[in-house]
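Presented below is the structure to which this report refers.
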């Protein structure tokens, strides 16, 4: 009966761990934080079981700690296993309730079994049912330590307890693996829906909805950034002359150039039609001008001969925002600079500046 209580406790805690792991995935935490969270979840569950040990007939104490360590290694890797092992070892030392052999042998065995399954089986077959059942059988081999750790040296204790241990391992493996698989599938679906909602289907870069969210966050955070609004010159003429299919290829080409040519601190967006935007975090207006000019030249050089696309040019308007910059609405200011660039002859970059008397537009480049 005591072993059955331990079994139900282990399986129930595995279900809670799976939910915790799913929550960590949804939070898109950095890898090291995720590893710490997983290790804390497995270690905390093991600590709970350690508070309610089961005493076998020969006096050997079991608590299920090694199962959690093995599953931490199997589903999380070496880092969560190490964190969980550290937590449970600390509790053992505080309680002073185990010899060095009883402390180290199960811990290392659990890690070796879990990691070997992760690197050999899971890497090849994933989390299918047979792989999870194999994990359960594999982890149940920890029970062989009962032969070593048994206080009486009687091997019959293994035959008495192994069926229950095997059943617990199989159930825990299936519960944890199935829950994790379900949580990861839900997370993948959510990411797919998010990508569809915030990505432009044609160019693959972020869309206007994503821009509005990122732009508002930048304004609310009051950080320094430069906003560049880019528009393809005479794009209607491209569609009318070469057809919409060629026009789509032009849009894809511009989106690709923006994605590849931008630094990590800058992000491209398609606002709609032939209009794009770039949010360059940490850039002042002059750095933004240099970036916009490089992009203007890169787009011009990537189209026309010898490429299969017609020659195109772009115009761009810029505005900056951040501490010490007096600009009430960078988007409106960048749009105003873009319209001025169009009116000045296109194929150029203009910036919007503000002085105490009136707004003024500064010419950054002229048509080559």
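Bear in mind these aren't lab numbers, they're just calculated from the coordinates by the rules spelled out. For clarity, every value in this text was computed on a predicted model and none was experimentally measured. Neighbour counts are summed over all protein chains in view; Cβ atoms, including those assigned to glycine, are modelled from backbone coordinates with ideal geometry.
Quick notes on this one:
- Spatial separation of Cα centroids for the range 282-339 and the range 164-240, in angstrom: 26 Å
- Using the Cβ-Cβ distance between residue 23 and residue 332 with R0 = 41 Å, the FRET efficiency computed as 1/(1 + (r/R0)^6) comes to roughly 0.55.
- For the chain, dividing the convex hull volume of the Cα atoms by the residue count gives 171 Å³ per residue.
- What the Cβ-Cβ distance of residue 245 and residue 123 gives, at R0 = 45 Å and to the nearest 0.05, is a FRET efficiency of 0.60.
- A simple spin-label model places pseudo-atoms 7 Å from Cα toward Cβ; at residue 194 and residue 286 they are separated by 3.8 nm.
- Calculated FRET efficiency, residue 212 to residue 178, Cβ-Cβ distance, R0 = 41 Å: about 0.60 to the nearest 0.05.
- GNM on the chain, alpha-carbon springs under 10 angstrom: the most fluctuating residue among 125, 42, 187 is 125.
- Residue exposure proxy: 71, 235, ordered by other Cβ atoms within 10 angstrom of their Cβ from fewest to most, comes out as 235, 71.
- Between 0 and 90°, nearest 10: helix 244-261 axis offset from the chain longest Cα axis: 70 degrees
- Each label point was placed 7 Å from the Cα along the Cα-to-Cβ direction; for residue 4 and residue 339 their separation is 8.0 nm.
- Springs between Cα atoms under 10 Å define the GNM used for the chain, and in it the highest mean-square fluctuation of 88, 161, 203 occurs at 161.
- Alpha-carbon Debye profile of the range 208-363, log10 I(q)/I(0) at 0.14 Å⁻¹: -0.65
- For the range 2-198, the calculated P(r) over all alpha carbon pairs, in 10 Å bins from 0 to the bin holding the longest distance, is 9, 37, 35, 14, 4, 1, 0 percent.
- Against the chain, whose longest principal axis comes from its Cα atoms, helix 2-26 is set at around 10 degrees.
- Projecting the alpha carbon convex hull of the range 253-300 along each direction and taking the average yields 3.2 nm².
- Look at the alpha carbon pairs under 8 Å that are at least 6 residues apart: their mean separation over the length of the chain gives a relative contact order of 13 percent.
- Among 68, 276, the order by Cβ neighbours within 10 angstrom, fewest to most, reads 276, 68.
- Pair-distance profile P(r), taking every C-alpha pair of the range 1-94, with 5 angstrom steps and integer %: 3, 15, 24, 22, 17, 10, 5, 2, 1, 0
- Each label was represented as a point 7 Å from its Cα along the Cα-to-Cβ direction; for residue 16 and residue 164 these points are 2.1 nm apart.
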